[in-house]
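The values are calculated or read from the model by the stated rules, or taken from the named source; none is laboratory data. Given the structure is predicted, the values throughout are model-derived calculations rather than measurements. Counting neighbours? That spans all protein chains shown, and the Cβs are built from the backbone with ideal geometry, glycine included. Quick note on the areas: whole protein, heavy atoms, side chains included, nothing else; ligands and nucleic acids left out. Shrake-Rupley method; radii C 1.70, N 1.55, O 1.52, S 1.80 Å.
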Amino acid sequence: MSERVYIFDTTLRDGEQSPGASMNAAEKMRLATQLEKLGVDIIEAGFPAASEGDFKAVSGIAGKLKNTQVAGLARASKADIDRAWGAIQLAVKPRIHTFIATSDIHLKYKLKMTREEVLKAAIEAVRYAKSFTDNVEFSSEDGSRSDRDFLCKVFEAAIEAGATVVNLPDTVGYAIPEEFGDLVKYVMTHTPNIGKAVLSVHCHNDLGLATANTIAAISAGARQAEVTINGIGERAGNTSLEEVVMAMHTRPNFLPMSTNILTEHIYPTSRLVSMITGIIVQPNKAIVGANAFAHEAGIHQDGMLKNPMTYEIMKPETVGLNRNQLVLGKHSGRHALRSHLKEMGYDLSDEELNIVFAKFKELADKKKHVVDDDLEAIVTEGILRTSEVFLLEYLHVISGTTVMPMASVQMAIHGRSVKGAGYGNGPIDAAYNTIAKLTGAESELLRFSVSALTGGTDAMGEVTVRLRENGLIALGKGADPDIITASAKAYVNGLNRLEYLKTHPVEASQTM
Ligand code: KIV
Ligand code: ZN
């Protein structure tokens, strides 16, 4: 039997440290549920000492998940560990993840501590965490740039104090695969009690080597991989879950290890993360990018028709990609929609289904083929959004080569209809100016991005905006076959999210 590699997903913690990736509590819960379905072994749900919002999100997730281990991050201090335990104690399998830096550069400039002091702090933190739970992970921050023998000494002491997992991070993404694999071998052979713990690795992607380093570490004996969906994370991101898992799945001769991941949930999870965070997946991203299974060259297409294995090393279905599959038409009923959404991973309540069904019918009237990506956009728009203060009721835009772009807009604000018109430099600018006038919005537009969800000129356009008002930051999303309408919807969605944050200061504290 192949050896097991544990998948520790930190999308909700390190992933959320991606610039602009903040998620609210409801979104975190939704993602945690999806990660459980995907089959990850451990979900690092957050850093409870960081903010009240993080604490609440972690404890909500801990109370909800049925099988998966839930980890809370804590610095090597009693206060942090108390906070982490407070947040995760209701989990079926809680894990305290405590860390301290071990590299000389971090000791000298950041911690201003000696090696002896760090060793003592690591031991005390693990012992204290152990007084709450048997499931304790210890990380040596900046481990890859630490003195090898000091690293092994700290790991040995942490295991002796009760750590069941010791994690070796390449915090700044500095390692080279051969070197990192060699370091893992060194740790395995120079930490006398390593057999009593699982050795884990946590890589960052500053040199684009996070996946390669993680694979080298697994080959050398590491048995836990810390990863994020789509590789999001601090700076250039973390090791991507889908790449590591599919490397093991596709090359068992070289990597005879197994994971608990149900690979067909990879693509839906990737889409969910992108939709929630607003971070678009680059088209050429391995496994989950829009072009990952697209064959452009004639020779390739010819080969694919003769035998897909000529140019495809994985089947798209294996990762849950049924791209642009014709799913439903305008005559499809609620039952068909419900069961198809279920197959896609969305188990909706009756109330949620009503919303999605109405939007689906609206779209099916405009667009002949409604495909999975369209449905996903409808679900995100319809049920992943927060309470609506502002509702876009009507939008009419005039633009062209000889007219000044003008928008007429009708909106409901707290249920009361208002209308107005305004000009702009282009049709989207005109719509935004008018919406801002009607709502009194003072937010600044930090980011605006458009992408087409499906192929063809009738494709759904998806717009993401990032708004800032008085230090609060909110993402807005909108999808529609009409790109100007999608832009207006995204703006209104962003304004609603800002309103939500104004009245939920706990969640707002996460977004600053
Ligand atoms: O990159 C890092 O070192 C971390 C630790 C907290 C594990 O994220
Ligand atoms: Zn990290």
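So here's what we get for this one:
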item: Counted residues, the range 151-173 - those being touching a helix residue (DSSP H, G or I) at 6+ places or on another chain (Cβ under 6 Å) and aromatic (Phe, Trp, Tyr); result: 0
item: Matching entry among Ser408, Ser417 (being loosely packed, with under 13 Cβ neighbours inside 10 Å and assigned to a strand (DSSP E or B)); result: Ser417
item: Test: residue in the range 127-134 that is farther than 20 Å from Ala71 by Cα, hydroxyl-bearing (Ser, Thr, Tyr) and under 32 Å from the mean Cα position of the chain (by Cα); result: no
item: Candidates Thr211, Thr189, filtered to the one that is open to solvent by 10 Å² or more (accessible area, probe 1.4 Å), in contact with a Ser or Thr (Cβ under 6 Å, 6 or more places away or on another chain) and in a helix (DSSP H, G or I); result: Thr211
item: Selected residue (criterion: nearest to ligand 2 (Cβ to nearest atom)) from residues of the range 195-217 that are of a type in the set (Ser, Thr, Tyr) and either in contact with a helix residue (DSSP H, G or I) (Cβ under 6 Å, 6 or more places away or on another chain) or not assigned by TED's automatic domain parsing to the domain that holds Gly143 (or both); result: Thr214
item: Subset of the range 313-332 [open to solvent by less than 30 Å² (accessible area, probe 1.4 Å) and either at pLDDT 85 or above or in contact with a Pro (Cβ under 9 Å, 6 or more places away or on another chain) (or both)]; result: Pro316, Val319, Gly320, Leu321
item: Some residue of the range 160-173 being within 16 Å of ligand 2 (Cβ to nearest atom), open to solvent by less than 10 Å² (accessible area, probe 1.4 Å) and charged (D, E, K, R); result: yes
item: So Arg148, is it surrounded by fewer than 18 Cβ atoms within 10 Å (Cβ to Cβ), closer than 23 Å to Ile42 by Cα, more than 31 Å from the chain's Cα centre (by Cα) and more than 14 Å from ligand 2 (Cβ to nearest atom); result: no
item: Subset tally (residues that are open to solvent by less than 70 Å² (accessible area, probe 1.4 Å), among the aliphatic types (A, V, I, L, M) and closer than 15 Å to Ile484 by Cβ) for the range 386-405; result: 4
item: All strands (runs of 3 or more DSSP E) inside the range 1-107 with 2 or more residues being at pLDDT 95 or above, away from ligand 2 (no atom under 16 Å from the Cβ) and not hydrophobic (A, V, I, L, M, F, W, C); result: 93-101
item: Qualifying residue in the range 16-39 (condition: among the basic types (Lys, Arg), within 13 Å of ligand 1 (Cβ to nearest atom) and open to solvent by 30 Å² or more (accessible area, probe 1.4 Å)); result: no
item: Qualifying residue in the range 111-120 (condition: over 23 Å from Ile7 (Cβ atoms), in contact (Cβ under 8 Å) with a residue 24 or more places away in the chain, out of contact with any Asp or Glu (no Cβ under 6 Å at 6 or more places or on another chain) and charged (D, E, K, R)); result: yes
item: Filter result (within 29 Å of Gly39 (Cβ to Cβ) and among the hydroxyl-bearing types (Ser, Thr, Tyr)) within the range 283-319; result: Tyr311, Thr318
item: Residue list for the range 225-234, restricted to those being open to solvent by 10 Å² or more (accessible area, probe 1.4 Å) and more than 14 Å from ligand 1 (Cβ to nearest atom); result: Asn230
item: Leading residue by the ranking (farthest from the chain's Cα centre (by Cα)) among those in the range 443-466 that are within 18 Å of Ala430 (Cβ to Cβ), at pLDDT 85 or above and assigned to a strand (DSSP E or B); result: Leu445
item: Residues of the range 176-214 classified as more than 12 Å from ligand 1 (Cβ to nearest atom) and more than 21 Å from Arg127 (Cβ to Cβ), total; result: 22
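Residue by residue, here is whether (1) open to solvent by less than 10 Å² (accessible area, probe 1.4 Å); (2) away from ligand 2 (no atom under 13 Å from the Cβ) holds:
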site: Ser219; (1), (2): no, yes
site: Arg223; (1), (2): no, yes
site: Ala236; (1), (2): no, no
site: Glu242; (1), (2): yes, yes
site: Arg251; (1), (2): no, yes
site: Thr259; (1), (2): no, yes
